[in-house]
Amino acid sequence: MDLDLVNRLAEVLRLDEGDGPVLELNKAGIEEGKKRLDLCLVGKVIGPRPANKEGIENAMKGIWKLNHRFQVEELSSKNVFRFIFGSREDRQRVYGGRPWTIDKQLICFVKPMGLGEISKMNFDFTSFWISINNVPLACMTELFAREWAERIGKLEDIKLVNGTMKVRVRMNITEPLKRGLRVAVDELGNEVSLLFQYEHLPDFCFDCGIIGHKALDCPLRDFVGDNPRPDRGRYGSWMCAPSSPPRDRVRY
Ligand SMILES: [Zn+2]
């Protein structure tokens, strides 16, 4: 069943006494089901191209190289899939290694909580490693990394690699990617531009900066007469960190 339709129905439709009494769920059955959920992730492919379970299974098998076999099940027609892993370690390896892409489209993973109600899952967030470039040496500190990362999303980790400050941030992918930050370096109005580069960045729009479509398909695309809008080209491939070759070379 279509996930959007389920969500819309769940908002307006409440079953009542006329539909019969409330059924108690079998406790042992619930425990068994929850244990199975501990081996699952639910992933939504964010992009216009439909994915299929065989394609995802084949592609990710080559990329993840897990210890145990895993299965993919299609959950709805809107690119949502359940991934069932052979061990908790495998599941954590995949979840901890986000973001993952297939055919340059992001797969947004959610750990099912509670009973795993799909209509309550939020696929709007994922985590990226982001290099913060052009940081003055005096600002190469954890304090500044924290402060700047919080402008992007929720900070998860910090590291310094070959003199580059990197932050791992959980961010809302329905909002435009942040290109950087302007930082005042003195009281005379001088500023430095800190530029962000994202590791394993999937397809995104160079016009509006949102993940999941390209500029040609941009719903916000507009023209002034025959000319493209003046803020075009604010985003670009320069935002992909050079140290992050795509991990989805296997196409389906
Ligand atoms: Zn766009």
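Here, each number is a calculation from the coordinates, and none is a lab measurement. In this text the structure is predicted, and so the values were computed from the model without any measurement. With ideal geometry, Cβ positions are generated from the backbone for all residues, glycine too; neighbour counts draw on all protein chains shown.
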Mind checking the dipole of the chain: about its Cα centre, +1 per Lys or Arg Cβ, -1 per Asp or Glu Cβ, Debye to the nearest 20?
880
Dipole axis of the chain (+1 Lys, Arg; -1 Asp, Glu on Cβ), positive-most option in Gly180, Leu194, Gly96:
Gly96
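With a ≥ b ≥ c taken as the square roots of the eigenvalues of the C-alpha gyration tensor of segment 125-239, please select rounded if a/c is under 1.5 and otherwise prolate if a/b is larger than b/c or oblate if it is not?
oblate
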Principal axes of segment 34-113: Cα extent on each, largest first, Å
32, 25, 20
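Sort Tyr198, Tyr95, Tyr235 so the one with the fewest other Cβ atoms within 10 Å of its own Cβ comes first.
Ordered from fewest to most neighbouring Cβ atoms within 10 Å, Tyr198, Tyr95, Tyr235 come out as Tyr95, Tyr235, Tyr198.
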Net lengthening on full extension, Asn26/Ile84 (0.36 nm per residue, minus Cα-Cα)
18.6 nm
If you find the alpha carbon centre of segment 9-77 and of segment 118-183, how far apart are they in angstrom?
30
Out of Gly55, Gly153, Gly20, a Gaussian network model of the chain with alpha-carbon springs under 10 Å gives the largest mean-square fluctuation to Gly20
Dividing the mean separation of Cα pairs under 8 Å (6+ apart) by the residue count of segment 34-113 yields a relative contact order in percent of 45
Cα axis of helix 53-64 to longest principal axis of the chain: angle in degrees, 0 to 90, nearest 10?
50
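What is the fewest-to-most order of Ser131, Ser119, Ser237 by other Cβ atoms lying within 10 Å of their Cβ?
Lowest to highest Cβ neighbour count: Ser237, Ser119, Ser131.
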If each DSSP helix of 4+ residues adds -39,500 (n - 2.57) and the sum is divided by the residues in the chain, what number results at 222 nm, nearest 500 deg cm²/dmol?
-6000 deg cm²/dmol
Projecting each Cα onto the charge dipole of segment 125-239 (Lys/Arg +1, Asp/Glu -1 at the beta carbon, about the Cα centre), which of Ala145, Ile211, Trp238 comes out farthest on the positive side?
Ile211
Starting from the alpha-carbon convex hull of the chain, give the projected area averaged over all orientations, in nm².
19.3
Cut-off is 10 Å between beta-carbons; in what order do Thr126, Thr174, Thr164 appear when sorted fewest neighbours first?
Thr174, Thr164, Thr126
Please report, to one decimal in angstroms, the Kirkwood hydrodynamic radius of segment 62-206 built from all distinct Cα-Cα pairs.
17.4
How much length would be gained if the chain were fully extended between Arg179 and Asp19, taking 0.36 nm per residue of separation minus their Cα-Cα distance, in nm to one decimal?
52.3 nm
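What order, most packed first, do the peptides 58-66, 165-173 have when packing is the mean number of other Cβ atoms within 10 Å of each residue?
Sorting 58-66, 165-173 by mean packing, highest first, produces 165-173, 58-66.
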Put a dot 7 Å past each Cα toward the Cβ at Asp186 and Lys35; how far apart are the dots in nm?
6.7
Relative contact order [Cα under 8 Å, 6+ residues apart], the chain, whole percent:
18
